[in-house]
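Enquirer: Below: one structure in structure tokens.
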Amino acid sequence: MIALIGLATGLKSTLNQILEVFQMAVNFWRRPQSGCSAVHARNGLVASSQPLSSSVGIQILQEGGTACDAIVAMAAVLNVVEPFSTGVGGDAFALIYEPGEKSPKAINGSGFSPKNLSYEYIVEERGFKQMPLTGVIPITVPGAVNAWESIHKKFGKLPWSDLLKPAIKYARDGFPVSPVIAQVWNELVPKLLAHEGGKQVYLINGERAPHVGEVFKNTALASTLEILAKEGSDAFYRGEIRNKIVKFLQKEGGYLEESDFENFQAEWTEPISREVYNNIIWEHGPNGQGLVTLLILSIVEELDISRYPLNSVDYLHSLIEAKKLAFADAFAYIADPTYMEVSLSKFLSEEYAQAHASQVNPRQAMRQLPAPLDISNDTVYLTAIDKDGLAVSFINSLFYGFGSGIVDPQTGIAFQNRGAGFSLQNGHPNQYAPNKRPFHTIIPAMITSTEGELLYSFGVMGGHHQPQGQSQVFLNLILHEMDPQEAISCSRFHHDQTTNTVALEEPIEVGIRTKLRQKGHKIVDCVGTNFGGGQIIQRNSSNGCYIGGSDPRKDGQAQGY
């Protein structure tokens, strides 16, 4: 009997050891819901929507470059490897954090409408009731190149020409097209087929988009980048590239002239901010829509959204209703700051938050909404931080996929359609006018402590999803204490102001959808909905290390060293 008891005890001990080892194995192989973990690094970290771009950013940091050097190099590579979203034919905005400073610096690299294209011509002679999305009319001066050079001159260390070498190599020698980019490129084939330059430069044999893994070259763009590498932005705004662009666009019936380019300069501005849940969130001010993120968060803080579980019925209802109110104001008032009639201080006041929070009915969704502008969603967001703590939050965009659809086959440049962001409503602050900046969707963001210490550099791409995506990510980070990868991967909602419909990303439960419908929300299928894509870098204040996350909705990647 004693022997049997001893045997049983031994077997139990062995079984416990086996179970313990098994549990250790389970824990070891367990992965976050997103399918990937946050990236941790000590000396520098970058995140972008394409792995080749991120790899170049790390290479620049390892060669002694600053975060601003890395951002320029990454943006140039993205022009090559994700050409429908970004490039030298588009605009750019950035926030730059310097260690020891109390607030980030902001740069507005958005261009102006042609000085000789009038409102009367568009409305009366051409008969447009809203700005066209394609063709030459919505093409504005591309501001990205001057923004790149401006941040490099102020914060860069490596030679300008070195920053463009990786992009030139990928354009000249080719790169293998990644999966999400191949999919979107294929969807844009009809747009490219409508213009001879688009067919020549961005379609294989003028017929189709490149397949996943297929090597794609853009030798025309490589030559343009080589000129930029040698001569800087002067070549783009006052030299050889400018001359080619103007000659091409005027041949296409366009309106930009040499003087439109000569007079452009990216503008250093003051960022806007608001304290939300004991942290400061920073945004680029108008003509961008960063103000909308601040409005949404000010309203939900007033509603005390922190008392609700993440993505519960009341949590989502509060966010969706706040988003409706914030966008109603954005569409009514945001414009080129020279033309804005309402002060930013009014929007950022406690009185604003309280008044708008009081309009939210906890039991019923708002049904009547003002008509918005027609704004879409092709953009890249990238961020970087270096060993010294200099951080950049950066967005570069063509607006819609391949922008205006107009591509110069000689330079390889796809031109943005940012002019589509103007209103043709007479008397509106954002009404089209010559030499004016349009309402812009792209918004880089940062979060600091109330003492001014950098906590996060982040952004969410996707047209009008950006403020609602940013708001959700901010709450994930600050209220729900997620790491960057968890925060950017977490399921999101998207509300469409035009149709007043809501799409909910899986795995938000069916029961939540049902209860939101009972409150009056029009829930639609999430298939085909734009939930954006973003990147986050966190600075760990306890040890100075960096943590990065990249959105699984894109091909992107965070990398550190």
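The values are calculated or read from the model by the stated rules, or taken from the named source; none is laboratory data. These numbers come from a predicted model, not from an experiment. Quick reminder, even Gly has a Cβ in these numbers, built from the backbone with ideal geometry, and neighbours come from all protein chains shown.
Enquirer: I'm told K157 meets every condition in (1) surrounded by fewer than 18 Cβ atoms within 10 Å (Cβ to Cβ); (2) in a helix (DSSP H, G or I) except one. Can you identify the failing condition by its number?
Expert: The failed condition is (2).
Yes/no per residue for (1) without any contact (Cβ under 8 Å) to a residue 40 or more places away in the chain; (2) part of a strand (DSSP E or B); (3) basic (K, R); (4) closer than 26 Å to C68 by Cα:
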{"position": "I168", "(1), (2), (3), (4)": "no, no, no, yes"}
{"position": "R172", "(1), (2), (3), (4)": "no, no, yes, yes"}
{"position": "V180", "(1), (2), (3), (4)": "no, no, no, no"}
{"position": "N186", "(1), (2), (3), (4)": "yes, no, no, no"}
{"position": "A222", "(1), (2), (3), (4)": "no, no, no, yes"}
{"position": "K230", "(1), (2), (3), (4)": "no, no, yes, yes"}
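Enquirer: Across the stretch 482-512, which residue is farthest from L369 (Cα to Cα) among those that are in contact with an Asp or Glu (Cβ under 7 Å, 6 or more places away or on another chain) and either part of a loop (DSSP other than H, G, I, E, B) or not assigned by TED's automatic domain parsing to the domain that holds T529 (or both)?
Expert: Result: S491.
Enquirer: Sticking with this structure for a sec: Kindly indicate which of T411, T450 is in a loop (DSSP other than H, G, I, E, B), in the same structural domain as I334 (by TED's automatic domain parsing) and of a type in the set (S, T, N, Q). Spell out how you get there, then give the answer.
Expert: On the way: T411 fails: in the same structural domain as I334 (by TED's automatic domain parsing).
Sole residue among the options that is in a loop (DSSP other than H, G, I, E, B), in the same structural domain as I334 (by TED's automatic domain parsing) and of a type in the set (S, T, N, Q): T450.
Enquirer: Among the residues that make up the stretch 112-129, is at least one of them over 21 Å from G288 (Cβ atoms), touching a residue at least 40 places away in the same chain (Cβ under 8 Å), aromatic (F, W, Y) and in a loop (DSSP other than H, G, I, E, B)?
Expert: Among the residues of the stretch 112-129, at least one is over 21 Å from G288 (Cβ atoms), touching a residue at least 40 places away in the same chain (Cβ under 8 Å), aromatic (F, W, Y) and in a loop (DSSP other than H, G, I, E, B), which makes the answer yes.
Enquirer: When you scan the stretch 334-351, how many residues do you find that are surrounded by fewer than 19 Cβ atoms within 10 Å (Cβ to Cβ) and either closer than 19 Å to W282 by Cα or aromatic (F, W, Y) (or both)?
Expert: Initially, the stretch 334-351 is screened for residues surrounded by fewer than 19 Cβ atoms within 10 Å (Cβ to Cβ), giving 337-346, 348-351.
In the following step, the residues that additionally are either closer than 19 Å to W282 by Cα or aromatic (F, W, Y) (or both) were identified as 337, 339, 343-346, 348-350.
Qualifying residue count for the region: 9.
Enquirer: Scan the stretch 458-465 and tell me whether some residue there is within 30 Å of A220 (Cα to Cα) and out of contact with any Ser or Thr (no Cβ under 9 Å at 6 or more places or on another chain).
Expert: Here is the first cut: in the stretch 458-465, the ones within 30 Å of A220 (Cα to Cα) are 461-463.
Now narrow it down to the ones that are out of contact with any Ser or Thr (no Cβ under 9 Å at 6 or more places or on another chain): none.
No, there is no match, as no residue in the stretch 458-465 is within 30 Å of A220 (Cα to Cα) and out of contact with any Ser or Thr (no Cβ under 9 Å at 6 or more places or on another chain).
Enquirer: Does at least one position in the stretch 210-218 carry a residue that is under 26 Å from G111 (Cα atoms) and assigned to a helix (DSSP H, G or I)? Please lay out each step first, then the result.
Expert: Taking the stretch 210-218 as the starting set, the residues that turn out to be under 26 Å from G111 (Cα atoms) are 218.
Subset that is assigned to a helix (DSSP H, G or I): none.
Checking the stretch 210-218: not a single residue is under 26 Å from G111 (Cα atoms) and assigned to a helix (DSSP H, G or I).
Enquirer: Look through V141, V145 and report the one residue that is outside any loop (DSSP other than H, G, I, E, B) and closer than 30 Å to S457 by Cβ. Explain how you work it out, then say what you get.
Expert: Values: V141 fails: outside any loop (DSSP other than H, G, I, E, B).
One residue alone meets the criteria, V145.
Enquirer: Has the stretch 513-522 got at least one residue that is crowded, with 16+ Cβ neighbours inside 10 Å and within 21 Å of the chain's Cα centre (by Cα)?
Expert: Taking every residue of the stretch 513-522 in turn, none turns out to be crowded, with 16+ Cβ neighbours inside 10 Å and within 21 Å of the chain's Cα centre (by Cα).
Enquirer: So, one more: Return the pairs, sorted by first residue and then second, in which the second residue is in a loop (DSSP other than H, G, I, E, B), the first residue lies in the stretch 298-327 and is aromatic (F, W, Y), the beta carbons are less than 8 Å apart, and the residues are 6+ apart or on different chains.
Expert: Y315/Y308; Y315/P309; F327/P372; F327/H464; F327/Q497
Enquirer: Of Y432, Y456, which residue is at pLDDT 95 or above, outside the structural domain of V342 (by TED's automatic domain parsing) and among the aromatic types (F, W, Y)?
Expert: Numbers: Y456 fails: outside the structural domain of V342 (by TED's automatic domain parsing).
Only one candidate passes the filter, namely Y432.
Enquirer: I would also like to ask the following. Identify the single condition in (1) buried (at least 19 other Cβ atoms within 10 Å of the Cβ); (2) touching a Gly at 6+ places or on another chain (Cβ under 6 Å) that K387 does not satisfy, given that it satisfies every other one.
Expert: Of everything listed in (1) buried (at least 19 other Cβ atoms within 10 Å of the Cβ); (2) touching a Gly at 6+ places or on another chain (Cβ under 6 Å), K387 misses just condition (1).
Enquirer: Of all the residues that make up the stretch 239-258, how many are surrounded by 13 or more Cβ atoms within 10 Å (Cβ to Cβ) and touching a residue at least 40 places away in the same chain (Cβ under 8 Å)?
Expert: 10
Enquirer: Looking at E302, E283, which one is under 19 Å from the mean Cα position of the chain (by Cα), acidic (D, E) and farther than 23 Å from T514 by Cα?
Expert: E283
Enquirer: Still on this structure, I have one more. K199: surrounded by fewer than 22 Cβ atoms within 10 Å (Cβ to Cβ), assigned by TED's automatic domain parsing to the domain that holds F394, farther than 19 Å from S53 by Cα and among the charged types (D, E, K, R), yes or no? Give the steps one after another, and end with the answer.
Expert: Values: surrounded by fewer than 22 Cβ atoms within 10 Å (Cβ to Cβ): yes; assigned by TED's automatic domain parsing to the domain that holds F394: yes; farther than 19 Å from S53 by Cα: yes; among the charged types (D, E, K, R): yes.
Criteria met by K199.
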